[in-house]
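A quick write-up on the structure given underneath.
The values are calculated or read from the model by the stated rules, or taken from the named source; none is laboratory data. Just so it is clear, the structure is predicted and the values come from calculations on it, not from any experiment. Positions of Cβ are generated from backbone atoms using ideal geometry, with glycine treated the same way; all protein chains shown enter the neighbour counts.
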Amino acid sequence: MGALTILLVEDDDGHAVLIQRSLKPEEHSLNIIRVADGQKALDFIATIGQRGPDEPVVVFLDLNLPVVDGFQVLERLKGDAETRRIPVIVITTTDDRREMERCYDIGANAYISKPMAFDRFSTTMKSLGQFLSVVTVPS
C-alpha cells in the first residue's frame, strides 16, 4: 500500500505549518495535501475515487472555514456512500460541547480542540502521526 494521504483542511497558515511539521511526514510515510477552504476540500474529495485503492485518505478538518464550513464538508463526506468511510479527524479551535457532539453525530472519527499549549499541541500531532503510520485506513 502507498503512503497515507492526509487532506489537511485548514485556513490558518500558522496552524497548518505547525500540524505539518509535527506530523513528520517523512518519518511516517505520510503525504500531506493542504487546502484552505471547504470548497477546495470537497473538490479534492471528488477526485478520491480516481486516485486508486492504494492511496488511502484521512481528512483533518477545521470547522471554521471560508466558502464552505467544516460542518458542511463533514455532512457531505459522511452522507455519500462513496466517501463515508473516509476517516475524518476534526481539529478546530471550537471547544463548544454541542458542536463537538454535532460532529460525532454527523460521523467524525475524532475531535481535537486547539489551541492548547504549543508543546501539548505539537506532542498531540506527533502522536497522531505515529498512530496513523500503523493504523489501517479503508481505501
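Key figures
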quantity: Matching residues, the range 115-139, being under 27 Å from E55 (Cβ atoms) and of a type in the set (K, R); calculated: K126
quantity: Residue match in the range 50-58 (condition: in contact with a Gly (Cβ under 9 Å, 6 or more places away or on another chain) and β-branched (V, I, T)); calculated: no
quantity: Tally of residues being of a type in the set (A, V, I, L, M) and either exposed (fewer than 14 other Cβ atoms within 10 Å of the Cβ) or in contact with a Phe, Trp or Tyr (Cβ under 6 Å, 6 or more places away or on another chain) (or both) across the range 8-34; calculated: 3
quantity: The range 35-54: number of residues that are modelled with pLDDT of 75 or more and either of a type outside the set (V, I, T) or surrounded by fewer than 18 Cβ atoms within 10 Å (Cβ to Cβ) (or both); calculated: 11
